[in-house]
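Please read the structure below before turning to the comments.
The values are calculated or read from the model by the stated rules, or taken from the named source; none is laboratory data. Computed from a predicted structure; not experimentally measured. Counting neighbours? That spans all protein chains shown, and the Cβs are built from the backbone with ideal geometry, glycine included. Surface areas here come from the heavy atoms of the whole protein model, side chains and all, with no ligands, DNA or RNA. Shrake-Rupley method; radii C 1.70, N 1.55, O 1.52, S 1.80 Å.
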Amino acid sequence: MTLLRAALERGRPRAALLAVLVAFLAALVPVRPAHAAGTIEEVTGFGSNPGALRMYRYVPAGLPRGRPVVVALHGCTRNAQGYGAQSGWTALADRWGFSVVLPGQTSANNLSQCFNWFQTGDIARGQGEALAIRQMTARQIVDTGADPSRVYVTGLSAGGGMTAVMMAAYPDVYAAGGVVAGLPYGCAQAAGSPYVCMYVGATQTPGQWGGRVRAAFPGYAGPWPRLTVFQGTADYTVKPVNMDDLVRQWTNVHGADQTADASDTVAGFPHRSYKDASGAAVVETYSITGMGHGQPGDPGSGAAQCGTAAAYMLDVDLCAAYRLGTDWGLG
């Protein structure tokens, strides 16, 4: 109170007194982000867990109820905690106010810690890894009081393949999905081998691709999740043909054609949008010119920047997590 007392004794005018009071109060209130940082924690007992996966999650401190959930799936040789932080998803959760589920694969399931997007028993509704991830999602919705209409799924490489699995097997759960260097649903079965799918692709018509998704949940009539795909043009692990096949698959599911309705560039990279009969964008693609196999990132403190450069986390001046978050209305 010393500043206020001195001001009164010196007879300062009211405006000056107000300025002193504002400065005094401001000193008492720390500057903090929209939501205070949390920590990545492991959760057990989230269900029957037929896929024998591990569940991790990130919840910003003080997160209110009714907020969205993002399920983020790591790639091969990676882990849940590293992917959550390096992709930028945990930082965006603090900034925008949502929670993140980070499923973790184990070497007991797959020696390279890849999600088994190619195993028939792990990609069907009500079975294996797909059901385990669905159970994690359900646990997160209950624990955080999340808005069940604002649940999203994304992942890199094998995690991208499993993202397509979750969109197909549980279209009633996920409003949209983001596939990063991933593969269409049922690609290994269509190609006869996961490696043929990755390196060559599968010969399917749009109707055949879409039929694989519709068969994953017989009788389901929609609404279907929206899809966004990020793919490097120099990716020799998951060839760019897989992005083309994802477009064929999900435009067919949504009843759209395979001709882009809008084309522009984002951060200098080609961006295309495919719309349904109502004019809503149901499939979008980002073709990252010259990028190899990995997650696009843009490290820095700018408004559109996020991510950390690391193995398979590539600094290309475009952050996939930021683009997905803005497209999904998280920010």
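Considering region 115-151, and only residues there that are assigned to a loop (DSSP other than H, G, I, E, B) and among the small types (Gly, Ala, Ser), the residue that is farthest from residue 62 (Cα to Cα) turns out to be 124.
Quick check, is residue 207 surrounded by fewer than 22 Cβ atoms within 10 Å (Cβ to Cβ) and at positive phi? No; evaluated as a whole, the condition is false for this residue.
So which residues in region 237-256 are over 21 Å from residue 158 (Cα atoms) and either assigned to a helix (DSSP H, G or I) or at pLDDT below 95 (or both), if there are any at all? Scanning region 237-256 gives 251, 252, 253.
Just so you know, in region 193-204 the residues that are free of Cβ contacts under 8 Å to residues at least 24 places away in the same chain and hydroxyl-bearing (Ser, Thr, Tyr) include one that is nearest to residue 234 (Cα to Cα), and it is 195. Cβ-Cβ contacts under 8 Å between residues 6 or more apart (or on different chains), taken from a first residue in region 210-228 that is closer than 10 Å to residue 185 by Cα and open to solvent by less than 30 Å² (accessible area, probe 1.4 Å) to a second residue that is charged (D, E, K, R) and not in a helix (DSSP H, G or I), are listed as 216/125.
Checking every residue in region 272-290 against the condition of being of a type in the set (A, V, I, L, M, F, W, C), open to solvent by less than 40 Å² (accessible area, probe 1.4 Å), in contact (Cβ under 8 Å) with a residue 60 or more places away in the chain and part of a strand (DSSP E or B) gives zero matches. Applying the selection to region 70-93, what residues are surrounded by fewer than 24 Cβ atoms within 10 Å (Cβ to Cβ), over 17 Å from residue 152 (Cβ atoms) and small (Gly, Ala, Ser)? Across region 70-93, the qualifying residues are 82, 85. Condition test on residue 216, is it touching a strand residue (DSSP E or B) at 6+ places or on another chain (Cβ under 9 Å) and under 23 Å from residue 284 (Cβ atoms)? It is false that residue 216 is touching a strand residue (DSSP E or B) at 6+ places or on another chain (Cβ under 9 Å) and under 23 Å from residue 284 (Cβ atoms). Contact list please: Cβ distance under 7 Å, first residue in region 178-192 and crowded, with 24+ Cβ neighbours inside 10 Å, second residue among the basic types (Lys, Arg), pairs at least six apart or on different chains. The qualifying pairs are 185/212; 186/212. Does region 94-109 hold any residues that are open to solvent by 30 Å² or more (accessible area, probe 1.4 Å) and among the small types (Gly, Ala, Ser), and which are they? Across region 94-109, the qualifying residues are 107, 108. Residue 326 fulfils the conditions (1) of a type in the set (Ser, Thr, Tyr); (2) open to solvent by 30 Å² or more (accessible area, probe 1.4 Å); (3) in contact (Cβ under 8 Å) with a residue 40 or more places away in the chain except for a single criterion, (3). Residue 308 meets all of the listed conditions (1) surrounded by fewer than 21 Cβ atoms within 10 Å (Cβ to Cβ); (2) in contact (Cβ under 8 Å) with a residue 60 or more places away in the chain; (3) of a type outside the set (Asp, Glu); (4) more than 17 Å from residue 90 (Cα to Cα) but one, namely (4). When residues in region 252-268 are screened for being in contact (Cβ under 8 Å) with a residue 40 or more places away in the chain and out of contact with any Pro (no Cβ under 7 Å at 6 or more places or on another chain), 4 of them pass.
Looking at 5, 12, 67, which is the one that is among the charged types (D, E, K, R), open to solvent by 40 Å² or more (accessible area, probe 1.4 Å), at pLDDT below 95 and not in a helix (DSSP H, G or I)?
Values: 5 fails: not in a helix (DSSP H, G or I); 67 fails: at pLDDT below 95.
Within the list 5, 12, 67, the selection yields 12.
Within region 129-156, the set of residues being closer than 18 Å to residue 47 by Cα, open to solvent by less than 10 Å² (accessible area, probe 1.4 Å) and not hydrophobic (A, V, I, L, M, F, W, C) comprises 129, 137, 140. Against the numbered list (1) part of a helix (DSSP H, G or I); (2) surrounded by fewer than 24 Cβ atoms within 10 Å (Cβ to Cβ), residue 112 comes up short only at (1).
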